[in-house]
Each structure stands twice: as C-alpha cells, then as structure tokens.
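Student: Structure provided below as structure tokens; questions to follow.
The values are calculated or read from the model by the stated rules, or taken from the named source; none is laboratory data. Quick caveat: nothing in here was measured; it's all calculated off a predicted structure. Methodologically, a virtual Cβ is constructed for each residue, glycine included, from the backbone with ideal geometry; neighbour enumeration extends over all protein chains shown. Each accessible area value is taken on the protein alone, full model and side chains, heavy atoms only, with ligands, DNA and RNA left out. Shrake-Rupley method; radii C 1.70, N 1.55, O 1.52, S 1.80 Å.
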Amino acid sequence: MLNRLTISTLLKSVIAIMAACVVIFLLMTAWESWGRLQAASRMSIIAEASDGAFKAMHNLRTDRATTVQTLNGENAIDSSAEKALREYRDTENPAMRSAALLSAQVDFAEKSTLLPALNRQIETLKTLQAESWEAMKQPKAARRPALAKEYTEAATALLQTLDKVSTQLTAAASHMDAVVDQLLAIKQLAWLVRDSGGQAALQLSGAFATGRLPPEARQNYTRFITGAEFTWNALEALVAGLQLPPGLVEAMAAVKTGYFDPQHLSGSEKLLNAAIAGDKLGLTSGEWRTGAVARLGTAVTLAERALAEAKRYTT
C-alpha cells in the first residue's frame with residue numbers, strides 16, 4: 001500500500017513538473033513571439049514613415065526648382081508646368097504629413113526637436129504654396145519680390161528636416177533585423193544618388209531661368225555628378241552577392257540604364273557647356289525638366305521598392 005502510494009505520488013509529481021515545464025516553455029515562447037511582433041510592428045511603421053519622407057523629399061526638390069524658376073521668370077506659368085507642379089505638390093503634401101504622423105509613433109534620436117520643427121515647416125510651406133499659386137499666374141511685376149527667396153528657404157529647411165528624420169528613423173531600425181538593415185541601407189543610398197543627381201540638375205536648371213551659367217557652375221556640377229557615381233558604386237558593392245528580390249534587381253538595372261546612361265550624362269555636360277558659353281540650349285525648360293525628372297525617378301523607384309520590400313518582410 002505504501003509502495004503504491006509512493007509510486008502514485010511520484011508519478012503525479014513527475015506529471016505536475018512536466019506540465020509546469022510545458023507551461024513555462026509556452027509562456028517563454030509566447031513572450032518571445034510578442035517581442036518579435038512588437039519589433040516587426042516598429043519596423044513596419046519606420047518603413048512606412050521613411051516611405052512618406054522619401055516621396056516628399058523627391059517631389060519637394062522638383063517643386064522647389066520649378067516654383068522658384070517660375071517666380072523668377074518674367075511670364076506667367078504655362079499650362080504644362082502648372083500641371084507638373086500640381087502633381088508634385090499633390091504627392092509631396094500628403095506624403096510629408098504621413099511621415100510626420102507615423103514618426104510620432106516611434107522613438108528616435110532628436111525626436112523632441114525634429115518633429116515639432118517638421119510640423120511647423122510643413123505649415124509654413126503650405127502657406128507659401130497657396131501664395132505662390134496665385135503669384136505664378138501673374139507677370140513678374142505683380143509678384144511679391146521676396147516670395148521666391150522665402151519659398152527657397154522654406155523648402156530647403158523642410159528638405160533638411162525630412163532628411164534628418166529619415167536618417168534617424170533608419171538608425172532607430174538598425175540592428176533589429178539583418179534583412180531590414182540591408183533594405184533600408186539600399187533605400188538610403190538610392191536617396192543619396194537622387195539627392196546628388198538632383199543637385200546637379202539644379203545647377204543646369206538655372207540656365208533656363210537666366211539663359212546662361214557662370215563658369216563656377218562646372219565645378220559644382222562635376223562635384224555632384226561624382227558624388228552620385230561614388231554612391232552608386234557603394235550601393236553596388238553593398239548588394240554584391242546578395243539574393244535580391246526580382247523587383248529590386250529590375251529597379252537597379254533601370255537606374256544603370258536610366259540615370260547613369262552615358263548618352264544622358266554626356267548630353268547634360270553639353271548643355272552645361274552651352275550654358276556657360278552663352279550658346280543656345282537647344283530645348284525648352286519643360287522638355288529638359290521632363291527628361292531629367294524621369295531619369296532621377298529611377299533612383300526613386302529603387303528606394304521605394306526597397307521600402308516596399310521592407311514593409312512586406314515585416315508584415
């Protein structure tokens with residue numbers, strides 16, 4: 001009887017201990033899964049906010065150049081430029097607001113100063129956009145003289161803040177997941193290609209406003225083109241040996257044959273030389289802008305696909 005009781009008690013004790021171990025294991029697994037879910041949600045928000053910031057920066061750069069060039073020109077804005085500018089603003093405005101709203105849900109460095117500055121600068125630009133629409137429909141003499149300068153300063157400050165927020169968001173996601181790290185690095189390098197290429201294009205855009213460029217424009221243009229090429233080389237080195245999704249492979253090929261097309265680069269250099277020499281440019285501002293934006297857009301597409309892949313992966 002004593003033996004049976006002892007064996008029965010022992011068996012019950014073993015079963016109880018095993019059950020407790022299973023419960024503890026399940027609790028630990030559930031806790032780990034909850035932690036992974038929280039990290040994935042954080043990465044997803046960061047990727048979404050970065051996407052908004054990126055779209056805003058890309059379109060705002062072109063918006064700034066088009067608006068300032070038109071405000072400094074003698075004539076009212078033409079229908080094609082107005083249509084293009086409206087598309088840029090219709091994309092950038094909701095994108096930057098989305099970036100601000102999503103960024104508020106994430107802790108990142110300098111958030112206490114960057115986020116209020118971002119919201120304030122968005123409102124400032126909104127006011128200047130409304131004024132500039134009316135001003136661009138009028139001849140230059142009827143426009144407020146300081147408007148072009150104020151628009152340049154407001155857009156530039158907003159671009160710098162968006163860039164800082166984007167950089168800090170990328171840093172906030174760093175080391176959370178190796179795949180996301182790589183995808184956000186691709187996005188960041190693609191943006192730097194777009195940024196340097198956009199700065200080079202900005203140098204050329206001045207030729208259509210004034211009819212010529214000063215000699216020092218060559219040095220600035222070369223510096224930005226070289227920066228874009230070095231950044232692209234770094235991006236290619238980053239992805240060498242990686243098994244990229246087909247969409248990213250396709251987007252990288254498009255940048256190579258689009259923005260870094262030798263004919264495009266040589267054509268831009270000829271335009272630069274003609275502008276410095278004071279010769280005829282051979283095309284209109286609208287024609288040049290359409291081609292330049294499309295080629296810069298290949299780097300934008302690459303960055304957007306990297307962000308889309310990051311969102312898909314975290315989901």
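Student: Looking at Lys83 and the list (1) loosely packed, with under 14 Cβ neighbours inside 10 Å; (2) within 24 Å of Phe208 (Cβ to Cβ); (3) touching a residue at least 12 places away in the same chain (Cβ under 8 Å), which single condition is not satisfied?
Tutor: (3)
Student: Right, here's the next one. What is the residue count in segment 86-110 for residues that are among the charged types (D, E, K, R) and either touching a helix residue (DSSP H, G or I) at 6+ places or on another chain (Cβ under 7 Å) or in contact (Cβ under 8 Å) with a residue 40 or more places away in the chain (or both)? Give the derivation first.
Tutor: Taking segment 86-110 as the starting set, the residues that turn out to be among the charged types (D, E, K, R) are 86-87, 89-90, 92, 97, 107, 110.
Next, from what is left, pick out any that are either touching a helix residue (DSSP H, G or I) at 6+ places or on another chain (Cβ under 7 Å) or in contact (Cβ under 8 Å) with a residue 40 or more places away in the chain (or both): 89, 92, 97, 107, 110.
Total satisfying the criteria: 5.
Student: Ok, one more. Quick one: count up the residues across segment 128-144 that are more than 23 Å from the chain's Cα centre (by Cα) and under 25 Å from Gln199 (Cα atoms).
Tutor: Matching residues across segment 128-144 total 3.
Student: Test of understanding: among Thr113, Thr170, which residue is modelled with pLDDT under 90 and either assigned to a helix (DSSP H, G or I) or at negative phi (or both)?
Tutor: Working: Thr113 fails: modelled with pLDDT under 90.
Exactly one residue qualifies, and that residue is Thr170.
Student: Related question: Condition (residue is open to solvent by 20 Å² or more (accessible area, probe 1.4 Å), closer than 24 Å to Arg42 by Cβ and small (Gly, Ala, Ser)) applied to segment 182-196: is it met by at least one residue?
Tutor: Checked segment 182-196: at least one residue is open to solvent by 20 Å² or more (accessible area, probe 1.4 Å), closer than 24 Å to Arg42 by Cβ and small (Gly, Ala, Ser).
Student: While we're looking at this one, here's another question. Looking at Leu147, Leu158 in this structure, which one is of a type in the set (A, V, I, L, M), modelled with pLDDT of 90 or more, open to solvent by less than 20 Å² (accessible area, probe 1.4 Å) and over 28 Å from Thr298 (Cβ atoms)?
Tutor: Details: Leu158 fails: over 28 Å from Thr298 (Cβ atoms).
From the options Leu147, Leu158, the qualifying one is Leu147.
Student: Are any residues in segment 161-181 open to solvent by less than 40 Å² (accessible area, probe 1.4 Å) and among the hydrophobic types (A, V, I, L, M, F, W, C), and if so, which ones?
Tutor: Matches in segment 161-181: Leu162, Val165, Leu169, Ala172, Ala173, Val180.
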